[in-house]
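Asks: Dumping the structure here so I can ask a few things about it.
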């Protein structure tokens, strides 16, 4: 795959992720329960820290090195995610969104500067980029969409009325 195609794939997955929460109010972005206890804001912070991980480790991959294993450095990916969740919990929604934009811009600039041969589908660089970014976003896109769908009023259901409960006629 050529670099331009890779960048298009990355941007398409990114735009689809952003579209999954477009139009939500600040209060909705902060509402827990989208994925476990996480809100959309927490998911955005999570996606951002994985882009930061890509930026931290891809230069090492390009140099022929091997990034440390999360099982060794953090006790596993789940432990790393829990640690990062705790570290970022204090950030406001505005700070999370600003960081998201800044990190994503840096990621795109970095990928644009990578030699064309590193963007081929079978390179270690490409694998790490996929795992941390465009292969990662869809999982969270789907979770946000499912959450939104679960909250949407059902067709033919009066707002506030429970499914399966007959309305008394007067």
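The values are calculated or read from the model by the stated rules, or taken from the named source; none is laboratory data. Fair warning: this is a prediction, and the values are worked out from it, not measured in the lab. Heads up, the Cβs are rebuilt from the backbone with ideal geometry, glycines too, and the neighbour counts pull from every protein chain shown.
Asks: In region 36-62, what residues are without any contact (Cβ under 8 Å) to a residue 24 or more places away in the chain and farther than 23 Å from residue 123 by Cα?
Replies: Result: 36, 37, 39.
Asks: Kindly provide the set of residues from region 31-55 that are within 13 Å of the chain's Cα centre (by Cα) and either outside any helix (DSSP H, G or I) or loosely packed, with under 15 Cβ neighbours inside 10 Å (or both), ordered by number.
Replies: 34, 35, 38, 39, listed by residue number.
Asks: For residue 81, all conditions in the list (1) under 20 Å from residue 31 (Cβ atoms); (2) modelled with pLDDT of 95 or more; (3) surrounded by 14 or more Cβ atoms within 10 Å (Cβ to Cβ) hold save one; what is the number of the exception?
Replies: (2) is the only condition that residue 81 fails.
Asks: How do the helices (runs of 4 or more DSSP H) wholly within region 84-170 filter down when requiring 1 or more residues that are modelled with pLDDT of 95 or more and loosely packed, with under 11 Cβ neighbours inside 10 Å: which remain?
Replies: Correct list: 93-112, 137-151.
Asks: Then there is this: Hey, can you tell me all the residues within region 84-113 that are farther than 27 Å from residue 73 by Cα, in contact (Cβ under 8 Å) with a residue 12 or more places away in the chain and more than 16 Å from the chain's Cα centre (by Cα)?
Replies: 112
Asks: How many residues are in contact (Cβ under 8 Å) with a residue 40 or more places away in the chain and either on the phi > 0 side of the Ramachandran plot or out of contact with any helix residue (DSSP H, G or I) (no Cβ under 9 Å at 6 or more places or on another chain) (or both) when one looks only at region 13-35?
Replies: Count: 1.
Asks: Run down 28, 11 and say which single residue is modelled with pLDDT of 95 or more, surrounded by 16 or more Cβ atoms within 10 Å (Cβ to Cβ) and not in a loop (DSSP other than H, G, I, E, B).
Replies: Exactly one of 28, 11 is modelled with pLDDT of 95 or more, surrounded by 16 or more Cβ atoms within 10 Å (Cβ to Cβ) and not in a loop (DSSP other than H, G, I, E, B), namely 28.
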